[in-house]
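Visitor: Let me give you the structure first, and then I'll get to my questions.
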Amino acid sequence: KQWYRTQSTGLLLRAGQTCSSIMPSIYTIFRDTTSSDKDPELRMSMFTLLGRLLREAPVTSEAAKQFSLYSVNIIKEIVVPNLEWRAGRTAGTVRCAAVSALWALLKSELLTVTQLKQVRETLVSQLIANLDDDNCATRLVCCNCFNLVLKIGKQECFGPEELHKLYLELLKRLDDSSDELRIAVTETFSTFFSLLPEDYDRELYKAHLQFLYRGLLIHLDDPNTAIQEAVYNVLLVAGKVHPSYLCEHVDNVKHKHRSSLYCDKLLTHFKE
């Protein structure tokens, strides 16, 4: 196993930006070495290598093209199987390595909206599950992946009904022990609200907006000023959906906050 890992890693790193010409072989190597029956250490090292290759793929147009052609298979046959929950710290580390490779693929813009449609349901399901992972790093990268998936899919993949299925899990993460993750969640929420269409039925979906506005306003009074600022920025986007309704909720809670600074700023912004 050690010999195979060393030889495979050396070969792929030497291939560098010319890897596009041997893409079928590269894909087979990663698929075979990351399967669940392989040694966890081998799988982790191969995911690290895969992430590096995916990050470097955009350096050349041909490499990016080849990795993009295989992106659906990489997600379905390599990443997703390793995101499935298994007990143990080692299994958790493998999940973190897998979601990190996914982030590299998404960040490098190797997945098109058409390709995302082929894996959306399975991918979103696994990302939701891993938002609750014990490993903080896994939760953070997973949240960043969510943001990228929303940006790639846009309204073509995520209509109101699809978005409504996501926000409960995102709101939960605003109570996370990691402030870095909480700020990442606010960035994902900004993308979330930007995808709501102009003809979003505010009356039909009023209950969803109520839950979202109330949930976000709680954290506008967070002890951490960085969190307050991040949530305020989200509410600037969220308030565009139904300004008067947000102002109504702000008026209802601002007297409970330690400082009314951000509440007053929101009211001024949306009542101008």
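Visitor: Would you work out which of 167, 126, 147 lies farthest towards the positive end of the dipole of the chain, given +1 charges on the beta-carbon of Lys and Arg and -1 on that of Asp and Glu, about the Cα centre?
Guide: 126
Visitor: Can you tell me which of 218, 183, 22 moves the most in a GNM of the chain? Springs connect C-alpha atoms under 10 Å apart.
Guide: 22
Visitor: Each label point is 7 Å from the Cα along the Cα-to-Cβ direction; what then is the distance between the points at residue 41 and residue 55, in nm?
Guide: My value for the distance between the label points is 2.3 nm.
Visitor: Between residue 109 and residue 201, what length in nm is gained on full extension when 0.36 nm per residue of separation is reduced by their alpha carbon distance?
Guide: 29.9 nm
Visitor: Still on this structure: If each of residue 259 and residue 87 carries a label point 7 Å out from its Cα toward its Cβ, how far apart are those two points in nm?
Guide: So the two model labels end up 4.8 nm from each other.
Visitor: Can you work out the accessible area per residue across the stretch 218-258, with the rest of the protein chains kept in place, probe 1.4 Å, in square angstrom?
Guide: 47
Visitor: At 1.4 Å probe radius, can you tell me the per residue accessible area of the stretch 52-166 in Å²?
Guide: For the stretch 52-166, the per-residue accessible area is 45 Å².
Visitor: Please compute the alpha carbon radius of gyration of the stretch 167-266, then divide it by the globular-protein estimate 2.2 N^0.38 Å. Two decimals is fine.
Guide: It is 1.01.
Visitor: Continuing with the same structure: Can you list the lysines whose alpha carbon sits under 26 Å from that of residue 254, skipping same-chain ones fewer than 8 residues off?
Guide: Qualifying lysines at Cα under 26 Å: 172, 206, 240, 265, 271.
Visitor: Just the number, please: carbon plus sulfur as a percent of the accessible area of the chain, 1.4 Å probe, no ligands or DNA/RNA counted.
Guide: C and S fraction of accessible area: 50 percent.
Visitor: Give me D for the stretch 197-255 in µm² s⁻¹, whole number, from Stokes-Einstein with Rh from the Kirkwood sum over alpha-carbon pairs, 10 °C and 1.306 mPa s.
Guide: For the chosen part, D equals 134 µm²/s.
The values are calculated or read from the model by the stated rules, or taken from the named source; none is laboratory data. Source: prediction; values computed, not measured. Counting neighbours? That spans all protein chains shown, and the Cβs are built from the backbone with ideal geometry, glycine included. SASA here: full protein model, heavy atoms, side chains in, ligands and nucleic acids out. Shrake-Rupley method; radii C 1.70, N 1.55, O 1.52, S 1.80 Å.
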